[in-house]
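What follows is a set of notes on a single structure, which appears directly below.
All of the numbers you see were taken from the coordinates with simple rules; none came from a lab. The model shown is predicted, which means the values in this text are computed figures rather than measured ones. So basically every Cβ, Gly included, is an ideal-geometry build from the backbone, and we count neighbours across all protein chains shown.
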Amino acid sequence: MSEKEYISRLFDGIVEFALKSKGALVIVGPKWCGKSTTAKRYAKTIIDLMPLESRNEYIELAKISPANFLNYGPKPILVDEWQHVSFVWDQVKYEVDKTGEFGQYILTGSVTDKSRTETDEESSRHTGNGRIIRKMMRTMSLFETGDSNGAVSLQDLKNGRFSQAVSKKDINDYAYYICRGGWPVAIGKARDVSLAQARDYYEVVVTDDIFSLKDIPLKKDEQKARKLMRSYARNVSIAAADATLLEDCVGGDETFDKDVFAKYLNALRNLYVIEELPAWNPNLRSQTAIRTKETRHFTDPSIGAAALGITPEGIFKDITTFGLLFESLVVHDLRVYADAIGAHVYKYRDSKKREADAVLQFADGSWALIEVKLGGEDDIRKAADNLIKISNDIDCERTGKPAFLMVVTKNKVAYRMENGVYVVPLCCLKN
């Protein structure tokens with residue numbers, strides 16, 4: 001993608017700040033989400049380990065002299081698909097520590113590396129002394145693709161600002177967005193071309209990628225991979241136990257045992273194909289127990305649609321699945337917006353069987369409860385009442401009052417209900 005064709009990403013701001021405040025930035029995330037394209041905009045030297053012909057030469061240089069490899073040219077130096085030379089990690093930390101300068105390296109990869117990469121929480125405990133940071137890049141949100149008008153900002157809602165807004169999108173558009181996904185290569189293309197991208201990604205995962213991880217050796221069996229992907233897709237947005245998925249997968253295949261299943265699931269996590277939504281554990285006034293099981297999600301909802309063979313037209317044949325995939329689409333976008341403002345997304349579920357589909361935890365500790373509804377006004381009112389009941393049970397003296405309560409819908413008008421709950425179309429949201 002050329003400079004002219006580059007679509008601005010919310011992740012751009014994350015990269016810019018990281019290079020101003022850290023010695024090195026490690027960008028991870030699913031393949032095809034745009035990591036390399038974005039990183040190249042900020043690099044002065046690019047070491048591309050994707051082409052096989054140049055990869056071997058770079059690997060030899062890195063083995064012989066990691067110092068020369070990491071001082072190959074002007075900085076910032078981008079090492080694209082750096083997992084091929086993950087053994088230089090200690091040298092990266094040394095180079096960063098040696099000068100203490102910010103913005104020296106950008107490392108990108110679509111596979112989890114087992115080196116001790118420092119997350120925000122861990123950075124102060126490692127040798128890098130907080131100078132190396134890891135950030136996950138996701139596929140594009142509807143605001144980034146231009147499908148959301150961004151009239152309602154999560155930041156503004158947090159700060160008590162809201163104006164009524166209208167989206168032109170309808171339920172047919174959301175059916176399309178679920179199946180298209182947020183793949184940069186799909187944006188702005190003809191409908192059939194756009195829809196092909198998620199299907200192609202799915203095929204690459206089940207025929208090749210899942211069997212390519214050296215640390216998770218799997219005998220190539222495409223049928224097992226497809227069974228697991230379909231089972232996971234059928235349980236998206238649900239806190240399904242591993243045993244439930246495994247039982248769904250087995251189908252008479254005695255070789256698909258618990259250990260093999262665990263390896264497949266870990267491979268999908270390491271490839272950033274799936275990303276469970278963790279549970280939120282607030283202080284409650286009552287003795288109600290919090291359920292802590294994570295909720296199943298793909299890193300892009302279109303992966304689930306592709307695994308199930310669903311089209312934008314066919315998704316209407318199963319409204320329950322449509323609703324679960326729509327919830328996953330909302331969670332995906334909330335994660336993108338949360339990343340851009342330093343927030344986190346969780347799921348709330350308690351022993352009274354009450355749920356909030358998403359909880360936004362902001363950097364200052366404030367929080368918001370969110371429900372997702374594909375249905376009509378009755379469902380929206382019930383969802384709003386549910387959010388109020390949950391928030392009333394949370395110990396606000398210890399946790400603080402909610403910044404806002406919101407129901408995200410496929411409807412067209414954003415408004416504030418008499419009870420104070422916001423009702424917002426997904427295609428009106430932004431960070």
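In summary, the convex hull built on the alpha carbon positions of the chain has an orientation-averaged projected area of 22.0 nm².
With the simple model of a label 7 Å out from the Cα in the direction of the Cβ, GLU313 to VAL193 spans 2.2 nm. Label-to-label distance, LYS219 versus ARG269, with points set 7 angstrom from Cα along the beta-carbon direction: 2.4 nm. Working note: 222 nm ellipticity from helices only, DSSP H runs with n ≥ 4, each -39,500 (n - 2.57), summed and divided by the residues of the chain, gives -11500 deg cm²/dmol to the nearest 500. What FRET efficiency comes out for GLU418 versus SER8 if R0 is 41 angstrom and r is the Cβ-Cβ distance? Round to the nearest 0.05. Given R0 = 41 Å and the Cβ-Cβ separation, E is 0.60. Near GLU57, once Lys and Arg are set to +1 and Asp and Glu to -1 for all other residues with Cβ below 14 Å from its Cβ, the sum equals -1.
Partner lysines whose Cα lies under 29 Å from the Cα of LYS258, excluding those fewer than 8 positions away in the same chain, are identified as LYS31, LYS114, LYS214, LYS219, LYS220, LYS224, LYS227, LYS293, LYS347, LYS353. Using R0 = 30 Å, the C-beta based FRET efficiency linking ALA243 and LYS353 works out to 0.90. GNM remark for the chain: springs join alpha carbons under 10 Å apart, and the peak mean-square fluctuation among GLU313, GLU53, GLU247 falls on GLU53. Eigenvalues of the alpha-carbon gyration tensor of region 314-397, scaled by 5 and square-rooted, set the equivalent ellipsoid semi-axes at 23, 18, 10 angstrom, largest first. Taking the Cα centre of region 270-368 as origin and assigning +1 to Lys and Arg Cβ atoms and -1 to Asp and Glu Cβ atoms, the resulting dipole is close to 560 debye.
Note on ARG230, ARG131, ARG161: ascending count of other Cβ atoms within 10 Å places them as ARG161, ARG230, ARG131, the fewest first.
For LYS169, list the lysines whose Cα falls under 20 Å from its own Cα; do not include residues on the same chain fewer than 8 positions away. Within the straight-line limit of under 20 Å, LYS169 reaches these lysines: LYS189, LYS373, LYS410, LYS412, LYS430.
Between ASP385 and LEU61, the FRET efficiency from the beta-carbon distance, with R0 = 56 Å, is close to 0.35.
With θ taken as phi - 60° and the Karplus curve 6.51 cos²θ - 1.76 cosθ + 1.60 applied, the whole-hertz 3J(HN,Hα) list for region 365-378 is x, 6, 9, 9, 9, 9, 10, 10, 9, 8, x, x, 5, 4 Hz, x standing for glycine and proline. Of all beta bridges that DSSP places with both ends in the chain, some 35 percent have antiparallel geometry. Label-to-label distance, ALA289 versus ASP48, with points set 7 angstrom from Cα along the beta-carbon direction: 5.5 nm. Among the trypsin sites (Lys or Arg not before Pro) in region 368-431, those located in a DSSP loop and surrounded by at most 15 other Cβ atoms within 10 Å of their own Cβ are LYS412.
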